[in-house]
1. Cut-off under 20 Å on the C-alpha distance; same-chain residues fewer than 8 positions from Lys176 excluded. Which aspartates and glutamates are left, in chain and number order?
2. What's the magnitude of the charge dipole for the stretch 1-156 around its Cα centre, counting Lys and Arg as +1 and Asp and Glu as -1 at the beta-carbon? Answer in Debye, nearest 20.
3. Could you tally the net charge around Ser151, taking each other residue with its Cβ under 11 Å from the Cβ of Ser151, Lys/Arg +1 and Asp/Glu -1?
4. Which one, Ala163, Ala127, Phe199, projects farthest toward the positive side of the charge dipole computed for the stretch 126-218 from Cβ point charges (K/R +1, D/E -1)?
5. Tell me the mean residue ellipticity at 222 nm calculated for the chain from its helices only (DSSP H runs of n ≥ 4, each -39500 (n - 2.57), averaged over every residue, nearest 500).
6. Given a Förster distance of 35 Å, report the FRET efficiency between Leu13 and Leu195 from their Cβ-Cβ distance, rounded to the nearest 0.05.
7. Give the lysines reachable from Lys101 as a straight Cα distance under 20 Å; neighbours fewer than 8 places away on the same chain don't count.
Amino acid sequence: MYLSKMPRFIQDLFPAFHWCVQTDDPVLYLTFDDGPVRQVTPWVLDILAEYDAKATFFCVGANVVRYPDVFERLLSEGHAIGNHTFHHLSGWASDNATYFKDVRRCARLTGSELFRPPYGRIKPGQAKFLQRHYHIVMWDVLSGDFDTARSGEECYENVVQYAAPGSIVVFHDSEKAEPRLRHALPRVLAHFSALGYRFEALSSQLLACRTSLSARSA
């Protein structure tokens with residue numbers, strides 16, 4: 001069970017997490033979890049390049065080690081990098097010491113202050129500790145491409161229906177998600193490009209600025 005659109009009340013329950021970017025500008029923040037992998041990530045980069053789109057890749061450290069050339073391509077093409085733990089650990093199923101060690105191991109490889117917990121599952125104590133060092137990035141739109149019970153068209157429709165200016169949208173550059181991703185991603189890019197949207201990468205500077213603005217307006 002998961003929600004394609006994150007309800008506002010859940011976002012409000014965890015205000016220190018980044019769910020979207022508050023803006024009226026026609027911009028989307030596409031994010032990709034679980035890569036890099038040789039079978040999928042280069043294709044994603046090719047499609048993004050066709051639309052002059054930048055994105056944020058929340059990388060699993062073990063995959064960075066396995067495919068360093070693909071990781072270097074992410075960097076060289078101007079995309080942002082996030083930390084998705086080294087072994088794709090669920091915070092709910094991990095003791096704190098193991099979880100923090102895994103996060104730090106990935107951080108040494110990626111050099112990123114952006115962190116997304118795998119499955120979105122993180123204990124309050126883990127979040128409180130990690131917020132001292134990282135921006136915890138969640139999402140407000142989930143494509144559902146990881147779900148083998150969904151079609152690629154359903155994943156596309158999820159994004160088209162729910163994404164709005166400033167949305168952080170989740171896809172997966174993984175072999176499991178590949179069939180649905182290959183259907184949905186080009187269509188999402190074409191649809192929102194036709195509406196005049198830009199596709200930008202997240203950054204620590206952007207999120208810190210938005211956090212500061214939100215705090216002043218509260």
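1. Qualifying aspartates and glutamates at Cα under 20 Å: Asp33, Asp34, Asp46, Asp145, Asp147, Glu153, Glu154, Glu157.
2. In total the dipole reaches around 900 debye.
3. Values: positive: Arg150, Arg180; negative: Asp145, Asp147, Glu153, Glu154, Glu157.
Result for the local shell: -3.
4. Of the candidates, Ala127 comes out farthest on the positive side.
5. Values: 9 runs with 95 residues, N = 218.
After summing the helix terms and dividing by residue count, I get -13000 deg cm²/dmol.
6. That pair, Leu13 with Leu195, gives E of 0.70.
7. Output for Lys101: Lys123, Lys128.
Computed from the coordinates by the stated procedures, all read-outs in this text should not be read as laboratory data. Just so we're clear, the structure is a prediction, and the values are computed from it rather than from any experiment. Backbone-built Cβ (ideal geometry, glycine too); neighbour counts: all protein chains shown.
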